[in-house]
Ligand code: NAP
Ligand code: HSE
């Protein structure tokens, strides 16, 4: 590492005297916010890092697109080499999205000794460990605070603020788009397609919003959180995922009637050595703090053995909130430059990955089924639950418009995922059960 250290010492001296040049990959929602913050907060940034920050080159796809921020046309390029090969550029800020091509750009940058700041959870969830290893080898920082929960400094809180504790659970709303959609659908009865279009127009959604609504974006963030929080190599495929596309108006109506609010929730839970990580629509009692997190806002509960319960809340998507996290990472890179300690903060996972089996994962469940309205139907259903020792917290039976059928809505007490899946299968096989309409996880204590 001799050459790396010499370079770091030289940079530490330079940073006191000359501006730091940044190369930006992307000038969309987040990239525009980054340029605005660097321009508008320049005084405060100089005060913190000791020198001006200059955006030297910006990679875009289309040089002639209209932009949310004014930049000199000479800064724009459609050729990544103009950014990567510029020897004056010390830090690459990646806010273009994408995985394979973007990974190549970042690996090249790191190997050339350029520090990287990224907001790209797709990339970090899939290749975070590899990129961090290359960064460390080359004495470079690779920071990715904006990749989880937008403007909330949750990664730094886990790594630094809670460094002395052992995290047992992280649970929260980590996707702004779906929270925006569910808020508008449940509060105002707005149609799904309309609110999704609104979230896209506001810059909350991913370029392909399927990742948001199918829960994949949240899953990537939960993989990143679990990796850091549990110091374990959690992969994306270890996260169980269910999105919001199957949620119906009826589901939202029933949750309201029973005093619940529906949220897309990420849960990472450790019991002893074993962990579970999932993303799924979940019902919370209206009185639960997560029930009142609305619109594009995110909130994450972090439970530590020593600290107990902490909650982090803030905007989870959008231009300036996300850019705040990106530029704060840039400040961290520059502070490390001054101290000559870049590339030394990433810590390898401490524990071997051990995942819980479905019989070790416990939750309460909401279930809505359509059944034949005949004598003994109810008894047959309850028998299936009691055979597995699963009892009911709430139950509601209503006649359906379709003659001869009834709707039964059940909220169970805690059951193992294995028992619950077996129960669902047995219900589906039951002749009197016309349809299992929906099923969701339930958290917190109801009224
Ligand atoms: P965006 O608005 O679609 O902007 C992407 C930018 O990158 C555009 O300027 C685009 O150029 C450029 N670009 C994309 N692919 C390119 C390519 N192959 N070559 C050259 N330029 C390319 O996306 P965004 O919402 O800012 O998101 C950027 C990243 O931040 C993503 O990884 C996203 O997941 C992450 N993120 C976003 C948010 C948010 O609230 N939006 C929050 C947290 C993290 P043109 O403008 O010429 O098309
Ligand atoms: N599409 C993401 C969201 C952007 O809605 O949360 C922030 O990561």
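Laboratory data are not the source of any read-out in this text; all were calculated from the coordinates shown. What you are looking at is a predicted structure, and each value in this text was computed from that prediction instead of being measured. Cβ: placed from backbone, ideal geometry, glycine included. Neighbour counts: every protein chain shown.
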Gain in span if fully extended, residue 445 to residue 354, counting 0.36 nm per residue against the direct Cα distance
29.9 nm
Shape of segment 208-280 from its Cα gyration tensor (a ≥ b ≥ c, root eigenvalues): rounded if a/c is under 1.5, otherwise prolate when a/b > b/c, or oblate?
oblate
Looking at the square roots a ≥ b ≥ c of the eigenvalues of the Cα gyration tensor of segment 242-285, which shape do they give, rounded for a/c under 1.5, prolate if a/b is larger than b/c, or oblate?
oblate
Segment residue 401-residue 235, length gained on full extension (0.36 nm per residue, minus Cα span)
55.2 nm
In degrees, nearest 10, range 0 to 90: what is the angle between the Cα axis of helix 2-14 and the longest Cα principal axis of the chain?
80 degrees
Using r as the Cβ-Cβ distance of residue 129 and residue 428, and R0 as 51 Å, what FRET efficiency do you calculate, to the nearest 0.05?
0.80
Between helix 319-339 and the chain, what is the angle of the helix's C-alpha long axis to the longest principal axis, kept within 0 to 90° and rounded to the nearest 10?
50 degrees
Using the Cα gyration tensor of segment 1-155, with a ≥ b ≥ c the square roots of its eigenvalues, what is the shape: rounded (a/c below 1.5), prolate (a/b larger than b/c) or oblate (neither)?
rounded
Length added when fully stretched, residue 310-residue 292, from 0.36 nm per residue minus Cα-Cα
4.8 nm
Quick one: of the DSSP bridges fully inside the chain, what percent are antiparallel, nearest 5?
70 percent
Once R0 is set to 45 Å, what does the formula 1/(1 + (r/R0)^6) return for the Cβ-Cβ distance between residue 7 and residue 39, expressed as a FRET efficiency to the nearest 0.05?
0.95
Given R₀ = 25 Å, what would the calculated FRET efficiency be for residue 112 paired with residue 54, taking r from the Cβ atoms and rounding to 0.05?
0.85
Which value in nm describes the separation of the simple spin-label points at residue 164 and residue 70, placed 7 Å from the Cα toward the beta carbon?
5.0 nm
Against the 2.2 N^0.38 Å scaling, with N counting residues, where does the chain land? I'd like the Cα-based Rg ratio to two decimal places.
1.10
Once label points are set 7 Å from the Cα along Cα→Cβ at both residue 436 and residue 375, what is their separation, rounded to one decimal in nm?
2.9 nm
Relative to the chain, whose Cα atoms define the longest principal axis, helix 377-387 and its Cα axis are tilted in degrees, nearest 10, by 60 degrees
